[in-house]
1. Take residue 16 and decide whether it is open to solvent by less than 100 Å² (accessible area, probe 1.4 Å), under 13 Å from the mean Cα position of the chain (by Cα), farther than 18 Å from residue 94 by Cβ and free of Cβ contacts under 8 Å to residues at least 60 places away in the same chain.
2. In region 60-102, what residues are under 16 Å from the mean Cα position of the chain (by Cα), assigned to a strand (DSSP E or B) and closer than 16 Å to residue 43 by Cα?
3. Would region 81-100 turn up any residue that is surrounded by fewer than 18 Cβ atoms within 10 Å (Cβ to Cβ), modelled with pLDDT under 90 and within 20 Å of residue 17 (Cβ to Cβ)?
4. Can you tell me which residue in region 32-64 is most open to solvent (accessible area, probe 1.4 Å), limited to those that are modelled with pLDDT of 85 or more and over 14 Å from residue 14 (Cβ atoms)?
5. Collect the residues in region 59-88 that are among the aliphatic types (A, V, I, L, M) and without any contact (Cβ under 8 Å) to a residue 40 or more places away in the chain, keeping them in residue-number order.
Amino acid sequence: MAVMGFLSNSRKQSGANLYEKEVKPQLVAQDGKVHIVMINSFSKFLNNLNFGVETKYTEQVGTIINHLQDDGYEIVDIKFDSLKNLGLLGDMEGFHTLIMYK
């Protein structure tokens with residue numbers, strides 16, 4: 001369990017770092033309009049095809065969503081798509097997450 005906790009904390013920290021360094025500088029000041037930010041990410045390394053939660057994506061993108069809300073933004077919608085057979089060995093999925101916010 002200690003390894004799982006370490007990985008979870010590491011992924012959440014990765015999401016927080018991305019938010020501070022790349023997402024936050026792109027955010028538009030709150031003006032009542034809907035704005036977007038696109039996040040590109042990958043699945044877990046050697047992602048298996050089991051039915052279950054994609055923890056890497058959930059923790060990283062979830063952290064970004066939490067930070068947006070903590071900074072006072074309203075999440076309007078989240079759109080998602082995936083690309084299969086990516087990565088060096090073709091065993092990863094790429095994810096595009098479009099976050100619509102006010």
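The values are calculated or read from the model by the stated rules, or taken from the named source; none is laboratory data. On a predicted model such as this, the values are computed, not experimentally measured, just so you know. Neighbour counts are summed over all protein chains in view; Cβ atoms, including those assigned to glycine, are modelled from backbone coordinates with ideal geometry. What goes into the accessible areas is simple: the full protein's heavy atoms, side chains included, and nothing from ligands, DNA or RNA. Shrake-Rupley method; radii C 1.70, N 1.55, O 1.52, S 1.80 Å.
1. yes
2. 80, 81, 82, 83, 92, 93, 94, 95, 96, 97
3. Checked region 81-100: at least one residue is surrounded by fewer than 18 Cβ atoms within 10 Å (Cβ to Cβ), modelled with pLDDT under 90 and within 20 Å of residue 17 (Cβ to Cβ).
4. Among those that are modelled with pLDDT of 85 or more and over 14 Å from residue 14 (Cβ atoms), it is 33.
5. Scanning region 59-88 gives 65, 75, 78, 83, 88.
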